[in-house]
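Written out below as structure tokens is the structure these notes cover.
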Amino acid sequence: MNYQYKIVSEKDKNWIYLLNSLCYHDLVKQQFGKWDEKQQKNFFENKWNKQQYKIIEYSNLSIGVVAVIDKEDHFFLSEILIHPEHQNQGHGTQIISHIIDNCRKIKKDLKLQVLKANHAKNLYQRLGFVKYDETETHYKMIYQIVS
């Protein structure tokens, strides 16, 4: 599959928040019992950094976003959101596999965290991530490249 990655501008922020809401609404309700719009908007504002996000385009459609942060000793997959209409079609697998390949070239581990109720943890495990820690709400996972 051939993906293009578009640099995000401030005008993309509302679309990304809507995508965030589409992807997380049911999951947040499942794990926490409710979706508090004000609280979720605050969470989004706190993590928003247009320099870290890239819009994922496939067949001339914007199908999601990805954000990878280059830390001193690893990369952190801060966000990957695939629009629900494009989920379960292999896009997440392809995109994350590409990120892993880049981490191998640079020789840095890839870390992420995932809500405990999120079934994406199965995808991460299938791709080779292992849980190395957890919080009350999240599993912390690593794809280890450096031993």
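The values are calculated or read from the model by the stated rules, or taken from the named source; none is laboratory data. Because the structure is a prediction, the values reported are computed rather than measured. Neighbour counts run over all protein chains shown; Cβ positions are idealised from the backbone, glycine included.
Select from the stretch 1-20 the residues that are assigned to a helix (DSSP H, G or I) and under 15 Å from Val66 (Cα atoms) and write down the one among them that is nearest to the chain's Cα centre (by Cα). Checking each candidate, the answer is Asn20.
If you check Trp15, Trp35 for being over 25 Å from Lys111 (Cβ atoms) and touching a His at 6+ places or on another chain (Cβ under 6 Å), only one passes: Trp35. Contact annotation: residue pairs with Cβ atoms under 8 Å, 6 or more positions apart or on different chains, pairing a residue in the stretch 8-24 that is charged (D, E, K, R) with a partner that is at pLDDT below 95 and surrounded by 17 or more Cβ atoms within 10 Å (Cβ to Cβ), are Asp12/Tyr53. For the stretch 81-111, the tally of residues that are farther than 23 Å from His138 by Cβ and touching a Gly at 6+ places or on another chain (Cβ under 8 Å) stands at 1. Please go through (1) closer than 18 Å to Asp26 by Cα; (2) surrounded by fewer than 17 Cβ atoms within 10 Å (Cβ to Cβ); (3) not polar (S, T, N, Q) for Lys105 and return the number of the only condition it doesn't satisfy. Lys105 satisfies every listed condition except (1).
Does at least one position in the stretch 60-67 carry a residue that is farther than 17 Å from Lys6 by Cα and either under 13 Å from the mean Cα position of the chain (by Cα) or without any contact (Cβ under 8 Å) to a residue 24 or more places away in the chain (or both)? The answer is no, given that none of the residues of the stretch 60-67 is farther than 17 Å from Lys6 by Cα and either under 13 Å from the mean Cα position of the chain (by Cα) or without any contact (Cβ under 8 Å) to a residue 24 or more places away in the chain (or both). When Tyr132, Tyr124, Tyr139 are screened for being over 16 Å from Cys23 (Cβ atoms) and crowded, with 17+ Cβ neighbours inside 10 Å, only Tyr139 passes. When the stretch 36-67 is filtered for residues that are in a loop (DSSP other than H, G, I, E, B), loosely packed, with under 15 Cβ neighbours inside 10 Å and not small (Gly, Ala, Ser), the ones remaining, listed by number, are Asp36, Asn49, Gln51, Asn60. Scanning the stretch 98-105 turns up one or more residues that are in contact (Cβ under 8 Å) with a residue 40 or more places away in the chain and either assigned to a strand (DSSP E or B) or of a type in the set (A, V, I, L, M) (or both).
Of the numbered criteria (1) in contact with a Phe, Trp or Tyr (Cβ under 7 Å, 6 or more places away or on another chain); (2) in contact (Cβ under 8 Å) with a residue 60 or more places away in the chain; (3) crowded, with 19+ Cβ neighbours inside 10 Å, the one Leu110 fails is (2).
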